Amino acid sequence: KRLNIFDRINRNVAKLTPQELRHAKYSGLFAKSAESLAEHMFKELPQDFPRIIASSRRQMKDVELVAELLLLIENGPSKNSQGDLDEAYSRRDDEWEEQTDIEGRFRQTVSLLKEWSDDLLSGDGRRYRNQADFYSLFAIANNLVSTGSHIPKSVAVHRLSDFMALVLDEGARGVNPPAKRYYEATRSASSDSLQRRERIAILQKVLLED
């Protein structure tokens, strides 16, 4: 990919995305991890889960998403501006103390999502393919992995699918405050910290309800 980026510069004087610029600038621990785990995630999970169109993947938006997921595991949900991502790459370029733990949890979380995916992505659960919803889903799956908790697949899929059905039904979410709040938290500024935390907290409660 690095050669492709410089070829674009030489041939087209094309404006590179911030993630392409990070790829050209950094080749250390975090950069290699994000790119390797992006390849792993998109190989393990079903196509379009999460949904990133081909042109965006060519601009390394898949790697950018994985970088955000790694930071989610390490620091919790937050809004990562392009400047924040630049700093994250820089600070973890030569030393990354938590690398082994973070990478392990990432792979375990991907495995759990893969286990859920066949049943979850049918019907209303297909909404989880969207990047904002996938980020929230990844977060609650990571919480299970991090705490060593276990919920039977059938229970997890049933609860998450039923909730998304409420979110997608205008009438149903109108009388269901959590569904309404979740829907509103995806409508605008969906990558803001407050919106992300709201969606994750709601899904977490849905998943763990008695």
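The values are calculated or read from the model by the stated rules, or taken from the named source; none is laboratory data. Just so you know, these numbers come straight off a predicted model, no measurement behind them. With ideal geometry, Cβ positions are generated from the backbone for all residues, glycine too; neighbour counts draw on all protein chains shown. Side chains are part of the model used for accessible areas, which takes the heavy atoms of the whole protein and leaves out ligands, DNA and RNA. Shrake-Rupley method; radii C 1.70, N 1.55, O 1.52, S 1.80 Å.
A few comments on the model shown:
- Cα gyration tensor shape for the range 1-157, rounded if a/c is under 1.5, else prolate or oblate: oblate
- Calculated FRET value between Q82 and E115, using beta carbons and R₀ = 30 Å, to 0.05: 0.35
- For a straight C-alpha distance cut-off of 16 angstrom, the aspartates and glutamates reachable from K114 (same-chain residues fewer than eight places away being disregarded) are E39, E44, D48, D133.
- Hz values of 3J(HN,Hα) by residue in the range 110-126 - Karplus curve (6.51, -1.76, 1.60), Gly and Pro given as x: 4, 4, 5, 5, 4, 4, 6, 4, 4, 7, 5, 7, 8, x, 5, x, 4
- Here the label points at E184 and E97, each 7 Å from Cα along the C-beta direction, are separated by 4.0 nm in the simple model.
- Within the accessible area of the chain (1.4 Å probe), percent carbon and sulfur: 46
- Amide N proximity, the range 108-149 versus H40 label position 7 Å along Cα-to-Cβ, cut-off under 11 Å: 108-111
- Extents of the range 139-202, taken as max minus min of Cα coordinates on every principal axis and listed largest first, are 34, 26, 13 Å.
- Surface accessible to a 1.4 Å probe, per residue, for the residues of the range 85-210, Å²: 52
- Whole-Hz couplings from phi, Karplus 6.51/-1.76/1.60, listed for the range 64-80; x for Gly and Pro: 4, 4, 5, 4, 5, 5, 5, 5, 4, 5, 6, 10, x, x, 7, 7, 9
- Cut-off 14 Å, label 7 Å out along Cα→Cβ of S149, residues of the range 175-209 by amide N: 200-209
- Separation of the alpha carbons by more than 30 angstrom is noted, of K32/K180; K15/K79; K25/K205, for K32/K180; K25/K205.
- Highest to lowest packing among 51-57, 28-34, 102-108, scored as the average C-beta count within 10 Å: 28-34, 102-108, 51-57
- Accessible area per residue (1.4 Å probe, heavy atoms of protein chains only) ranks T186, T100 as T100, T186, with the largest value leading.
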